[in-house]
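Written out below as structure tokens is the structure these notes cover.
Read the figures in this text as sums done on the coordinates, not as results from a lab. Model, not experiment: these values are computed from the prediction. Positions of Cβ are generated from backbone atoms using ideal geometry, with glycine treated the same way; all protein chains shown enter the neighbour counts.
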Amino acid sequence: MNSSKMPKLKIGALETKIPIIQGGMSVGISLSGLASAVASEGGIGVIGSAGIGMLESDFSKNFSGANIRALGKEIRKAKEMTDGIIGVNIMVASSDYDDLMLVAMDEGADIVFLGAGLPLRTPKKIPMERLKKISTKVVPIVSSARAAKIVFNYWAKAYEHIPDAVVVEGPLAGGHLGFKREQIDNPDYTLERILTEVISVIELFESQFDKDIPVIVAGGIYTGADIYKFLQLGAQGVQMATRFVATHECDASIKFKEAYVNCKKDDLVIIDSPVGLPGRAIRNQFLEDVSDGIKKPFMCPWKCLKTCDYEKAPYCIALALTNAKKGRLGKGFAFAGANAYLADEIVSVKELMETLLEEYEEAARE
């Protein structure tokens, strides 16, 4: 593993040129533009599906239908723009989880990443027999060895089948976090530590099913040196989201990208999201108002997340993130990973990939 060249990543029959997955950023941040650019450079490009219906004109009246239509369109667009590997990130906690899974499979997404909840049942309308035969790979995102064990045990017993890979996301990620507030800075919960524990769990299932199950790390991976470090620790790939925001191809507005470029380290704060989870975001006036107890009135057109108590929520997170994506940061905020403050300019995906390769090779030589 000491080669100075980045290795490939194999997930079943899928093989990437480089072991980099662009993390799916929902509510319109990673769509076909960013995903296809990453896929064309040899990584895995991922479309974020939550709130994707904001691209459709009837979003506020027909939330579910708009999401289904928009996701289908974005997968088709991405596949027209690249021959590379295109994935979709789907939140298990979203109310239209089953429908979005069906769209991803029907449109031939190469891979689905399942986050925000543990996939402990197959989606309705998709029998396990179809899941076993279909070429779409299924990859849960977990934040602990315990969660990995629960998912793989369940699939093994219920279906005599297991997911194709697993992403382990540490507490330095952006957006909603699978950790309690007090765990985020606790040294017992570092990604390095969790990775080792997850690898131990997955090795048991690899031998039981005679199948390679790559373990992919996420949360705070920012440089080529980070990639090298985690591959040395036994990961077979990395998932990076924050680093791809400050690219020309990222589907967010320029104001959203500038929030990353202009933020300082202490602007990155942990918030309590209305959906009942902590999250990491860039501090701004909107979040200051919320923490001062100012409510942001909203109508809930459709309960998009099962865990949202919209009658008590101080604001609608889907609306706040939609506003941010469109550059209206006075009416919303940007989620971001712990290293977002390192972004100092907006570059192309091609330039970014070249930088990561150089940083990786330099770390490997040292």
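Between residue 255 and residue 225, the contour length at 0.36 nm per residue exceeds the alpha carbon distance by 7.9 nm. The order of 54, 81, going from fewest to most other C-beta atoms within 10 Å of their C-beta, is 81, 54. Using the Cα centre of the chain as origin and beta-carbon charges of +1 (Lys, Arg) and -1 (Asp, Glu), tell me which of 91, 162, 228 is placed farthest towards the positive end of the dipole. The listed residue farthest towards the positive side: 91.
Here residue 125 and residue 265 are evaluated by their C-beta separation; at R0 = 51 Å the FRET efficiency comes out at 0.65. Each residue of region 234-247 was assigned a 3J(HN,Hα) from its phi angle through the Karplus expression (A = 6.51, B = -1.76, C = 1.60, θ = phi - 60°), giving x, 6, 9, x, 10, 10, 10, 10, 3, 4, 8, 5, 7, 10 Hz with x at Gly and Pro.
Given N residues in the chain, what is its alpha carbon radius of gyration divided by 2.2 N^0.38 Å?
With N residues counted in the chain, Rg over 2.2 N^0.38 Å equals 0.92.
The coefficient of translational diffusion for region 172-251, derived via Stokes-Einstein from the alpha carbon Kirkwood radius under 25 °C and 0.890 mPa s, stands at 173 µm²/s. Segment residue 60..residue 183, full-extension length gain: 40.6 nm, with 0.36 nm per residue of separation and the alpha-carbon distance subtracted. In this structure, the residue pairs whose Cα-Cα separation is over 24 Å, taken from 8/326; 265/325; 180/326; 17/149; 73/325, are 8/326; 180/326; 17/149.
Using the Cβ-Cβ distance between residue 204 and residue 5 with R0 set to 35 Å, the FRET efficiency works out to roughly 0.70. In percent, rounded to a whole number, the relative contact order of the chain is 18, using alpha-carbon pairs under 8 Å and six or more apart. Placing a pseudo-label 7 Å from each Cα along the Cα-to-Cβ vector at residue 154 and residue 285 gives an inter-label distance of 4.4 nm.
For region 14-30, putting each phi into the Karplus relation 6.51 cos²θ - 1.76 cosθ + 1.60 with θ = phi - 60° gives couplings of 7, 9, 9, 6, 9, x, 10, 10, 7, x, x, 10, 7, 6, x, 7, 10 Hz, in residue order, rounded to whole numbers and with x for Gly and Pro.
Note that region 102-110 has calculated 3J(HN,Hα) couplings of 4, 4, 4, 5, 5, 8, x, 4, 6 Hz, one per residue in order, obtained from phi through the Karplus relation 6.51 cos²θ - 1.76 cosθ + 1.60 (θ = phi - 60°); glycine and proline are x. Remark: the residue 312-residue 292 segment gains 5.6 nm on full extension, using 0.36 nm per residue and subtracting the alpha carbon distance. Backbone N atoms of region 349-366 closer than 13 Å to the 7 Å Cα→Cβ label point of residue 232 belong to residues 360-366.
Summarising the amide proton neighbourhood of residue 88: residues at separation of 5 or more, or on other chains, whose placed amide H is nearer than 5 Å comprise 47, 111, 112, 113.
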